[in-house]
1. I want to make sure I understand the PRE zone here: with the label point 7 angstrom from the Cα of residue 138 toward its beta carbon, which residues in segment 183-204 have backbone N atoms less than 16 Å away?
2. In the chain, what % of DSSP beta bridges are antiparallel (nearest 5)?
3. Report the relative contact order of segment 5-219, percent, no decimals, based on alpha-carbon pairs under 8 angstrom and at least 6 residues apart.
4. On a full-extension model of 0.36 nm per residue, what is the gain between residue 65 and residue 340, subtracting their alpha-carbon distance, rounded to one decimal in nm?
5. Between residue 58 and residue 264, what length in nm is gained on full extension when 0.36 nm per residue of separation is reduced by their alpha carbon distance?
6. Taking every alpha carbon pair in the chain, what does the distance histogram look like in 20 angstrom bins from 0, in percent?
7. Please find the FRET efficiency linking residue 203 to residue 371, where r is the Cβ-Cβ separation and R0 is fixed at 35 Å, and quote it to the nearest 0.05.
8. As I understand it, the value is the acute angle between the Cα axis of helix 31-43 and the longest principal axis of the Cα atoms of the chain; what does it come to in degrees, rounded to 10?
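Computed from the coordinates by the stated procedures, all read-outs in this text should not be read as laboratory data. Remember, it's a predicted structure, so these values are computed and weren't measured experimentally. Backbone-built Cβ (ideal geometry, glycine too); neighbour counts: all protein chains shown.
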């Protein structure tokens, strides 16, 4: 299910704290960075903070620049992004600035929390959404995407919310402003708490000074596990779709891109159809051929393929689904199930799952995967190609 692009935003001290233990909030950023944050707020559809942040910081979460607000309305967007919070108990102050500034607000809660919020009058200023059962962040993100039209979500705290989203593989980007000071108080709140995080190193996208702080932007790279996708899965699959666009065009074979990624987010190999002048090589085949079959990282790796790996082919002894299984890989992420253009009833996913592999389909990338293959797809009034072989 599609989720918004989730951007985690925070400022921390050199020793990793979000605040000190004093009665007033510690201002870690300076004017230049506050203006940068304002620019980011103006670019998103919604801003989310946890209930704890509302209680301790009493934030307004506004776009302060009149010019940026005017640009939003000129583009047909609300003057202010949607403000979002999550509270299981519904124990929130109805007088907090969150409810009385900016535009629309929404709070996700439990049925009992909803009763408490309505009794406090918060339902008069915000939409209260009770989520039954054992709901989690994926439920919240899916509702924001599907029911509220949120495509970019900025998360501004607190540390528990940041920790949960990052540990669950739901953060697409981390924007971290490093302030030139120390806090040193052991009881002060930290940005990230203990627990199990995804393995490997994040990818540094950007670093630059903003006034006297340093902005660092990171992207998680570790694939998801099993059938549960991570934010990094989308990024790697998008790369596979970009590789598909590099294929030499063909009237008798699909253009496909593939990337093999280790569990820690290390790219192991990539390939695309007809790579290196070979008219019949498949994308997954080209990528796997670049690896040592004994590479110990393969059993934990994920293969990203813009098109479902083939189950049958005429040009080679083994189809790509079998090549993947023989390499020891047991997780595949794809954008698009193979149509019947060349093979009737193609079912590479079935071959993979029957052998115990997990196959994750992310259909929001199907358009990019299909783009270099438009000339091969049936159009109204045109017969499909006769059966043959999937990618030759």
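1. Only 198 fall inside the zone, counting backbone N under 16 Å.
2. 40
3. Relative contact order for segment 5-219 comes out at 32 percent.
4. Length difference between fully extended and current span is 93.7 nm.
5. Stretched fully, the residue 58-residue 264 segment lengthens by 70.4 nm.
6. Going from the shortest bin to the longest, the percentages are 25, 47, 26, 2.
7. 0.90
8. It works out to around 50 degrees.
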